[in-house]
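Have a look at the structure below, then the notes.
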Amino acid sequence: MNLFALFHGLIASILQRIAASGRLPGALDLGRFVVEPPRDPAHGDLATNAAMVYAREAASSFANPRQLAVEIAAALADDPHVASAEVAGPGFINIRVKPEVFARVLRGVLEQGPRFGRPAFDGTKNLKVNVEYVSANPTGPMHVGHGRGAVFGDALANLLAFAGHEVTREYYINDAGAQVDVLARSAYLRYREALGEKVGEIPEGLYPGDYLKAIGVAIAEKYGTGLLGRLETEWLDGVRAGAIDAMMAMIRTDLACLNIEHEVFFSERSLTRGGDGDLVAEAIAELRRRGLVYEGRLPPPKGQPVEDWEDREQTLFKSTAFGDDVDRPLMKSDGSYTYFASDIAYHKTKIDRGYALLIDVWGADHGGYLKRMRGAVEALSDGRVDLDVKLCQLVRLMRNGEPVKMSKRSGDFVTLRDVVDEVGVDAVRFMMLFRKNDAPLEFDLSKVIEQSKDNPVFYVQYAHARAKSVLRQALTTISGIDLSSNALIRADLDLLDDEGEISLIRLLAHFPRTVEAAALSHEPHRIAFYLHELAASLHGHWTRGKDRPQLRFLNEEQTDLTIARLALVTAVVTVLASGLGILGVSAPEEMR
């Protein structure tokens, strides 16, 4: 049961009746108003801005939004589920529901179980979605910054799947650029080292990490001394392919430690060297047919010395037609494709695979790339396919407030695997999601393992474990108690009238709306925030029960009330587990 959707429908029917009377336009867009929790819970259970949204369109019938709000509120007050509907300010409406509505919400959680919170789509809103995330260059182990994008993308995919969409998790392997040639040269150096050569300090421009030593050994085992003394052109392709395979195996292992798996790994090299021909050339030709590719010249970039600028005719994409500052090159001076051209072709493959929504998770330093990429997707799909790019800000790794030093294994950064091994996958995943993706994140290795209310992941997981302990205790202390789903659904839920109990049910009612809003905005951090609020409500009510025994969940002398309270505890367990599942965080049965 989605309480907010229920009342949105109720208010929509009231607006339609007013429109039928001729005092509002007949063709109202009923998706423009919202029903949401009031900012101050003391004002009621629900609030709507409907009168504020539509009054201007009916100025001849209503002098101001408040007048329309009074009529809507009067109609709401007649509904059997509404205790009161009051107009506030210039035309907002605050609604209080009757107690039986909360019992209905709670029973809905118990009846639906793990399905509670999933939007009840009619089939038209379910989309085929591609979420591309991580896509780190295959040149080394993953670092903490990669980890944030990995966790965000994975949780977003979980969220969209929970919301009913068909989701594909994809990784784009950047295996065609200059960086993989550098990887090959670095691996070849380690190959020589594996054969006994003293390589000394790693030359500037090569990757210095110790992780390449194992690759050098593997090359030596495969080729022996057969590559020594050969020209680079003779060994580069083979060494590069082997190094990329080894790096991708390492990256898959790093991702697995975060419980992340991709269904699709797409090779950039396949765009021009695959069995389907030159897909980059095809994409450019398609855009040219649409009048969006031309041969022209560009002015030098602002702030760059003119003498450093090569003034030449180039193949350009008209990205300015989509709000970009300048048109963008598709070919380099040596005739090879730019990264942008390859990215266009790659996104065209997603369009051709039938996705209605593309979501790319990028690092924050790629923000300037957004307009050109969105423009290309809009052009290639005739506006049918949306591209949403989510930028993940940097992670600052700390320990007791001090920056963490770099890893020798990686050469110049702290590996993700080291962090997961130290604090655990749950701490990494939850804390990566306890900030909005585009906000900087300070990750303190000491604080995320504290067993205190100041540690959000512990606080939420402990709420689940605490609730489960109540259910276990009930089975051992109350003889013959029935905690089956049928028994809890039949409980007299109207007995739950304490404000702490009502507050918990009110928060449970928010879960479907939170899921829907988070899925629409592509913001999984909303789930983490919600879980923290629900956990705080449970812990707060538990604390009240320590001082007031009549509020405790278990009361052997009042069996009906105890069953009702255990129904509430079961519902809290259900929602906490669902939310943690979306985030990819475990819901522990107990914590010591």
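Taking the options K447, K436, K453, name whichever one is farther than 17 Å from L566 by Cα, among the basic types (K, R) and within 23 Å of the chain's Cα centre (by Cα).
Values: K447 fails: within 23 Å of the chain's Cα centre (by Cα); K453 fails: within 23 Å of the chain's Cα centre (by Cα).
Answer to the selection: K436.
Note on segment 226-284: residues that are among the basic types (K, R), crowded, with 17+ Cβ neighbours inside 10 Å and either in contact with a strand residue (DSSP E or B) (Cβ under 6 Å, 6 or more places away or on another chain) or assigned to a helix (DSSP H, G or I) (or both) amount to 1.
Kindly indicate the residue of segment 38-58 that is in a loop (DSSP other than H, G, I, E, B) and in contact with a strand residue (DSSP E or B) (Cβ under 7 Å, 6 or more places away or on another chain) and also surrounded by the most Cβ atoms within 10 Å (Cβ to Cβ) among those meeting that condition.
If we filter segment 38-58 for residues that are in a loop (DSSP other than H, G, I, E, B), which is where we start, we get 38-40, 44-45, 49.
Retained after the next criterion (residues that are in contact with a strand residue (DSSP E or B) (Cβ under 7 Å, 6 or more places away or on another chain)): 38, 44-45, 49.
Working: P38: 18, G44: 19, D45: 22, N49: 17.
Among those that are in a loop (DSSP other than H, G, I, E, B) and in contact with a strand residue (DSSP E or B) (Cβ under 7 Å, 6 or more places away or on another chain), it is D45.
Determine whether segment 535-549 contains at least one residue that is basic (K, R) and touching a residue at least 24 places away in the same chain (Cβ under 8 Å).
Of the residues in segment 535-549, the ones basic (K, R) are 544, 546, 548.
Narrowing further to those that are touching a residue at least 24 places away in the same chain (Cβ under 8 Å): 544.
Within segment 535-549, one or more residues are basic (K, R) and touching a residue at least 24 places away in the same chain (Cβ under 8 Å).
Taking each residue of segment 267-292 that is within 28 Å of A321 (Cβ to Cβ) and looking for partners that are among the basic types (K, R) with beta-carbon atoms closer than 9 Å, six or more apart or interchain, yields L279/K348; E282/K348; A283/K348; E286/K348; L287/K318; G291/K318; L292/K318.
Looking across segment 474-492, just one residue is touching a Leu at 6+ places or on another chain (Cβ under 7 Å), over 15 Å from L554 (Cα atoms) and among the hydrophobic types (A, V, I, L, M, F, W, C), and that is I489. Pairs are defined by a Cβ separation below 6 Å, a sequence spacing of at least 6 or placement on different chains, a first member in segment 46-61 that is assigned by TED's automatic domain parsing to the domain that holds I11 and at pLDDT below 90, and a second member that is basic (K, R) and surrounded by fewer than 19 Cβ atoms within 10 Å (Cβ to Cβ); the pairs so defined are A58/R23; S61/R23. Residues that are under 22 Å from the mean Cα position of the chain (by Cα) and charged (D, E, K, R) within segment 344-378 comprise K350, D360, D365, K371, R374, listed in sequence order.
Scan segment 549-564 and tell me whether some residue there is acidic (D, E), more than 22 Å from F152 (Cβ to Cβ) and surrounded by 14 or more Cβ atoms within 10 Å (Cβ to Cβ).
Taking segment 549-564 as the starting set, the residues that turn out to be acidic (D, E) are 556-557, 560.
Now drop any that are not more than 22 Å from F152 (Cβ to Cβ), which leaves 556-557, 560.
Restricting the remaining residues to those that are surrounded by 14 or more Cβ atoms within 10 Å (Cβ to Cβ) gives none.
No; the residues of segment 549-564 include none that is acidic (D, E), more than 22 Å from F152 (Cβ to Cβ) and surrounded by 14 or more Cβ atoms within 10 Å (Cβ to Cβ).
With the condition kept exactly as written, say whether any residue in segment 25-34 is part of a loop (DSSP other than H, G, I, E, B), more than 23 Å from E516 (Cβ to Cβ), touching a Lys or Arg at 6+ places or on another chain (Cβ under 6 Å) and not acidic (D, E). No, segment 25-34 has no match at all. For L189, indicate whether it is over 19 Å from N437 (Cα atoms), of a type in the set (A, V, I, L, M) and in contact (Cβ under 8 Å) with a residue 24 or more places away in the chain. Yes, satisfied.
Going by the structure shown, is P512 closer than 25 Å to G149 by Cα and either surrounded by 17 or more Cβ atoms within 10 Å (Cβ to Cβ) or aliphatic (A, V, I, L, M) (or both)? Against the criterion (closer than 25 Å to G149 by Cα and either surrounded by 17 or more Cβ atoms within 10 Å (Cβ to Cβ) or aliphatic (A, V, I, L, M) (or both)), P512 does not qualify.
Listed by first and then second residue, the pairs with beta-carbon distance under 6 Å, at least 6 apart or on different chains, first residue in segment 475-494 and assigned to a loop (DSSP other than H, G, I, E, B), second exposed (fewer than 13 other Cβ atoms within 10 Å of the Cβ), are I478/E556; D492/D560. Among the residues of segment 113-130, some residue qualifies, meaning at least one is crowded, with 22+ Cβ neighbours inside 10 Å, among the hydrophobic types (A, V, I, L, M, F, W, C) and modelled with pLDDT of 95 or more. Entry remark, segment 163-172: residues being crowded, with 21+ Cβ neighbours inside 10 Å and touching a Pro at 6+ places or on another chain (Cβ under 9 Å) number 1 in total.
The values are calculated or read from the model by the stated rules, or taken from the named source; none is laboratory data. As the structure is a computational prediction, the values presented were derived from the model and not from experiment. Backbone-built Cβ (ideal geometry, glycine too); neighbour counts: all protein chains shown.
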